[in-house]
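Below is one structure, written out as structure tokens; comments come after it.
The values are calculated or read from the model by the stated rules, or taken from the named source; none is laboratory data. Being a predicted model, the structure only gives us computed values, none of them experimental. Note that we place each Cβ from the backbone using ideal geometry, even for glycine, and neighbour counts take in every protein chain shown. Protein only, heavy atoms only, side chains kept; ligands, DNA and RNA dropped before computing areas. Shrake-Rupley method; radii C 1.70, N 1.55, O 1.52, S 1.80 Å.
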Amino acid sequence: MATAQRRRPELASFLRSRRARVTPADVGMPPGMRRRTPGLRREEVAQLSGVGVTWYTWLEQGRPINASPQVLDAVARTLRLDRPEREHLYHLAEVPYEPGPEALAQTVGPEVQGILDALDPQPAVVYNSRYDILATNPAYRQLFLIRPTVRTGVPNVLSTLFTVSEGRCPVVDRDKELPVMVATLRSAYGRHVGEAAWEDFIRRLSAASPYFSELWASGDVSPPGRRVKTFRHDAVGELRMSSLSLSIDGMPECRIVTYTPADEDTREKVALMETWRSARKIPLP
């Protein structure tokens, strides 16, 4: 309740500021005489959005009224909101935000890919908050042996770790590490409750893995953070790697995760792993 009470004044302020920057000319309306409002009037926003003047006025006053995604989309179009502003509007109005197909296709630019490549032979990857894999370097692909998911064609590390047999899972201590990853997933899920892409992902992975379903039902949450994980590699044995998450400007809810040797023995094995990979010219997935 306290959170909702804080959001309503913020919603009112946000709508007023966005309305003030849209001129009648922007929406094909004559400027009119004696216009005191710097942008559109409330009744003009309501008319252009196809909603009642009283309803829009109450929305902009921060009153506790319900708004549907369709109505918010109409208001967003009238106010010429870009995607981050539209998402912000949804959050303030306490309506689950579902981005369009173009927003779901997050791509990694050459600068970020260059960082990943420069880190090789240290494994590095770009995850979004659902653990979809947006970019990697060869060392990461060798460590995790990532394959695309069957339905979407998008690689996802959780799908890999929960659907391979325990003996083939690259993470040694599954019962310690996988619960933390699921708790991190649930922490991000709170911002996406009701979104079709997220709900479908959770449903499919729960059906494919009873263990994931059990962990998901626990309700545990945890933010991303530094950890030391132990991996198994067919050629060099166990590797103790320290993971570190780094945010990326311009890519909300995405992060670079790097894996560096946690001890000297692992450092030597990583160098050996690179030599072994180069000598055998292993085709990576």
> What number goes with the only condition from (1) acidic (Asp, Glu); (2) closer than 17 Å to residue 161 by Cα; (3) open to solvent by less than 80 Å² (accessible area, probe 1.4 Å) that residue 253 does not pass?
Replying inline: (2)
>> residue 76 - would you say it is open to solvent by 50 Å² or more (accessible area, probe 1.4 Å), without any contact (Cβ under 8 Å) to a residue 24 or more places away in the chain and out of contact with any Phe, Trp or Tyr (no Cβ under 7 Å at 6 or more places or on another chain)?
In response: no
> Which residue, of 150, 193, 180, 154, is open to solvent by 10 Å² or more (accessible area, probe 1.4 Å), over 18 Å from residue 262 (Cα atoms), under 23 Å from the mean Cα position of the chain (by Cα) and modelled with pLDDT of 85 or more?
Replying inline: 180
> With segment 225-281 as the region, which strands (runs of 3 or more DSSP E) entirely inside it contain at least 3 residues that are of a type in the set (Ser, Thr, Tyr) and under 33 Å from the mean Cα position of the chain (by Cα)?
Replying inline: 237-247, 254-261
> Got a sec? Which of 124, 188, 118 is aliphatic (A, V, I, L, M) and open to solvent by 20 Å² or more (accessible area, probe 1.4 Å)?
Replying inline: 118
>> Give all pairs with beta carbons closer than 8 Å in which a residue from segment 215-238 that is farther than 21 Å from residue 262 by Cα and open to solvent by 70 Å² or more (accessible area, probe 1.4 Å) meets a residue that is at pLDDT below 90 and not in a helix (DSSP H, G or I); count only pairs at least 6 apart in sequence or on separate chains.
In response: 221/190
> Name the helices (runs of 4 or more DSSP H) wholly within segment 58-134 that hold at least 3 residues that are modelled with pLDDT under 85 and more than 30 Å from residue 38 (Cβ to Cβ)?
Replying inline: 101-104
> Could you list, in sequence order, the residues of segment 169-186 that are touching a strand residue (DSSP E or B) at 6+ places or on another chain (Cβ under 7 Å) and either in a loop (DSSP other than H, G, I, E, B) or of a type in the set (D, E, K, R) (or both)?
Replying inline: 170, 172, 173, 177
> Among the numbered criteria (1) farther than 22 Å from residue 165 by Cα; (2) without any contact (Cβ under 8 Å) to a residue 24 or more places away in the chain, which single criterion is violated by residue 210?
Replying inline: (1)
> Hey, any hits in segment 241-253 for a residue that's closer than 25 Å to residue 276 by Cβ and of a type outside the set (A, V, I, L, M, F, W, C)?
Replying inline: yes
> What residue, among those in segment 34-57 that are within 21 Å of residue 84 (Cβ to Cβ) and part of a helix (DSSP H, G or I), is nearest to the chain's Cα centre (by Cα)?
Replying inline: 49
> If you take the residues in segment 1-25 that are part of a helix (DSSP H, G or I) and open to solvent by 70 Å² or more (accessible area, probe 1.4 Å), which one is modelled with the lowest pLDDT?
Replying inline: 5
> Listed residues 165, 222, 247; which is among the hydroxyl-bearing types (Ser, Thr, Tyr) and modelled with pLDDT of 85 or more?
Replying inline: 247
